[in-house]
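Working notes, beginning with the structure itself.
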Amino acid sequence: MAAPSLSFPFLESFSCAIFDCDGVLLDSNAVKVEAFERTLVDEDPDLVAAFIDEHRRTGGVSRYAKLRRFYTELATVAEPELAIESALRRFSAACREGLRACQPVAGARELIAALVARRVPLHVVSGGDQDEVREALEHHGLAERFAGIHGSPTPKREHLERLRADGDLLPGGVYLGDARLDMELAEAFGLSFIFVAGVSDWPEGREVARARGHRVVEDLR
């Protein structure tokens with residue numbers, strides 16, 4: 001049987017593919033925004049609004065780092081560690097609910113199937129909680145397609161370093177992401193970068209990615 005056709009034929013030339021999850025595989029960026037809003041509902045609204053704006057501009061950074069910054073640098077609380085721990089539990093509950101309800105990005109299933117048929121190794125490297133990302137991809141029937149699913153609390157850079165050390169981050173690979181951090185990591189690790197713009201929270205992403213010579217696509221069709 002012939003392999004499924006590739007929506008982006010140029011991807012066939014890559015040795016491996018790294019996918020971000022939120023905004024690339026799953027249409028879930030809005031889930032994370034809503035989860036932060038629900039988590040911080042009792043905090044100062046002005047602080048929360050500024051925090052949400054910062055969250056949108058720093059895609060790929062984990063909730064662990066973001067909520068630590070909120071409770072140690074932005075908000076004034078008597079016991080920051082307890083506040084962080086409680087907030088992480090609330091955030092996780094909100095995320096799990098939202099991730100199961102969201103849909104894959106258009107074309108994601110078909111592109112993944114076509115790459116697997118061509119024996120291109122696939123990994124997910126996400127700023128989302130690793131267990132939640134795995135559960136969400138399993139729920140949507142995508143998890144088994146990936147050689148590895150890697151998430152927080154380990155930062156994305158550390159995951160890529162480990163993949164490179166293990167020989168899984170092959171020369172000539174590609175990174176599909178929707179955030180500045182994804183682009184910067186692709187450049188740092190010598191990977192081609194494709195900016196998936198359709199539901200990205202990075203408003204300048206199209207312009208910046210094109211200016212730096214990267215491909216820009218709206219979705220994965």
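The Cα atoms of the range 30-101 cover 36, 24, 21 Å along the three principal axes, with the biggest extent listed first. Near S152, the amide H atoms lying under 5 Å from its own belong to G128, D129, Q130; only residues 5 or more places off or on other chains count, and H is placed 1.01 Å from N. Computed over neighbours whose Cβ is under 9 Å from that of R180, the net charge equals -2, Lys and Arg +1, Asp and Glu -1.
Taken one residue at a time, the phi angles of the range 13-20 give Karplus couplings (6.51, -1.76, 1.60, θ = phi - 60°) of 7, 7, 7, 7, 9, 9, 10, 5 Hz. Gly and Pro are set to x.
Projecting the Cα atoms of L67, F195, P171 onto the charge dipole of the chain (Cβ charges, centred on the Cα centre) puts P171 farthest toward the positive pole.
What net charge do the residues around D131 carry, taking every other residue with its C-beta under 13 Å from that of D131, with Lys and Arg at +1 and Asp and Glu at -1? Surrounding charge for D131 is -1.
About its Cα centre, the chain has a charge dipole of approximately 760 debye under the convention of +1 per Lys or Arg Cβ and -1 per Asp or Glu Cβ, with nothing else charged. Taking all Cα pairs closer than 8 Å and separated by 6 or more residues, the relative contact order of the range 7-149 comes to 39 percent.
Compute the signed sum of charges (Lys and Arg +1, Asp and Glu -1) over the other residues within less than 12 Å, Cβ to Cβ, of E204. Value of the local net charge: +4.
Basic side chains Lys and Arg get +1 at the Cβ, acidic Asp and Glu get -1 at the Cβ, and with that the dipole of the range 30-101 about its Cα centre reaches some 500 debye. Simple point charges give the picture: +1 on the Cβ of Lys and Arg, -1 on the Cβ of Asp and Glu, and for the range 135-196 a dipole about the Cα centre of about 120 debye. Computed from the coordinates I sent, Kirkwood radius over Cα pairs in Å equals one of [x] 19.0; [y] 28.2; [z] 17.8. Tell me the label. Identified label for the calculated read-out: [z].
Note on R221 and R89: with the Förster distance fixed at 41 Å, the Cβ-Cβ geometry gives a FRET efficiency of about 0.65.
Any read-out appearing in this document is the output of simple, stated calculations on the displayed coordinates, not a laboratory observation. Just so we're clear, the structure is a prediction, and the values are computed from it rather than from any experiment. Here the Cβ is made from the backbone with ideal geometry for all residues, glycine too, and neighbour counts use every protein chain on show.
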